1. Quick check on Thr97: is it outside any strand (DSSP E or B), touching a strand residue (DSSP E or B) at 6+ places or on another chain (Cβ under 9 Å) and at pLDDT below 95?
2. With the condition kept exactly as written, say whether any residue in the stretch 131-146 is closer than 20 Å to Thr22 by Cα, modelled with pLDDT of 90 or more, in contact with a strand residue (DSSP E or B) (Cβ under 9 Å, 6 or more places away or on another chain) and surrounded by 12 or more Cβ atoms within 10 Å (Cβ to Cβ).
3. Asn18 - would you say it is closer than 30 Å to Ala124 by Cα and crowded, with 17+ Cβ neighbours inside 10 Å?
4. Counting just the residues of the stretch 44-74 that are within 20 Å of Gly85 (Cα to Cα) and polar (S, T, N, Q), which one comes out surrounded by the most Cβ atoms within 10 Å (Cβ to Cβ)?
5. Check Pro24 against each of (1) surrounded by 16 or more Cβ atoms within 10 Å (Cβ to Cβ); (2) in contact (Cβ under 8 Å) with a residue 40 or more places away in the chain; (3) out of contact with any Pro (no Cβ under 7 Å at 6 or more places or on another chain) and name the one condition it does not meet.
6. Out of Gly85, Gly64, report the one residue that is closer than 30 Å to Thr118 by Cα and either in contact with a Lys or Arg (Cβ under 8 Å, 6 or more places away or on another chain) or of a type outside the set (A, V, I, L, M, F, W, C) (or both).
7. Within the bounds of the stretch 102-111, is there any residue that is surrounded by fewer than 16 Cβ atoms within 10 Å (Cβ to Cβ) and closer than 20 Å to Gln51 by Cβ?
8. What do you reckon, is Thr91 among the β-branched types (Val, Ile, Thr), surrounded by fewer than 16 Cβ atoms within 10 Å (Cβ to Cβ) and modelled with pLDDT under 95?
Amino acid sequence: MARVSPLPVLQYAAGGVNPPHTHPRAAELLFVVEGSLEVGFVDTTNKLFTQTLQLGDMFVFPEGLVHYQYNADAENPATAISAFGSANAGTASIPTTLFATGIDDNILAKAFKTDVATIQKIKAGWTKSRLNWSLHLMPQSHRLHSCNPTRRQ
């Protein structure tokens with residue numbers, strides 16, 4: 001008997017963003033069921049692919065590539081369902097990985113060609129709690145994720 005993976009339901013507040021992240025072990029299919037989302041991913045040649053998705057649209061993020069979703073509507077929420085090509089897709093949030101894991105400020109300053117004070121300012125505004133995803137179990141083991149509105153500057 002085939003095992004069915006849970007289908008996460010992602011709820012984006014008005015102006016909410018799912019920051020750049022990657023799923024190292026699976027591609028992701030995103031299906032918009034409410035509102036609209038701006039989505040994008042960066043390929044291995046550093047080319048950005050973007051699309052605005054409306055109700056009923058689907059989009060595939062290739063395995064392992066950095067991607068994001070953004071609800072550009074400042075007044076209305078958006079909802080999407082995602083599915084993965086593996087039950088063990090994994091998730092690595094780029095901002096959290098860089099700014100909330102203790103990587104030395106000098107290393108980040110050199111990598112971003114800036115000074116330590118700038119890195120410390122970014123870190124002060126970015127904590128693990130900033131990406132406020134809450135997990136609730138739904139019937140049939142579906143997952144509901146709520147994205148706190150991290151506004152794009």
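The values are calculated or read from the model by the stated rules, or taken from the named source; none is laboratory data. Treat the numbers as computed from the prediction; the structure is a model and nothing was measured. Note: ideal-geometry Cβ built from the backbone for every residue, glycine included; neighbour counts use all protein chains shown.
1. Criteria met by Thr97.
2. The answer is no, given that none of the residues of the stretch 131-146 is closer than 20 Å to Thr22 by Cα, modelled with pLDDT of 90 or more, in contact with a strand residue (DSSP E or B) (Cβ under 9 Å, 6 or more places away or on another chain) and surrounded by 12 or more Cβ atoms within 10 Å (Cβ to Cβ).
3. yes
4. Gln69
5. Here Pro24 meets the rest and fails (1).
6. It is Gly64.
7. Checking the stretch 102-111: not a single residue is surrounded by fewer than 16 Cβ atoms within 10 Å (Cβ to Cβ) and closer than 20 Å to Gln51 by Cβ.
8. yes
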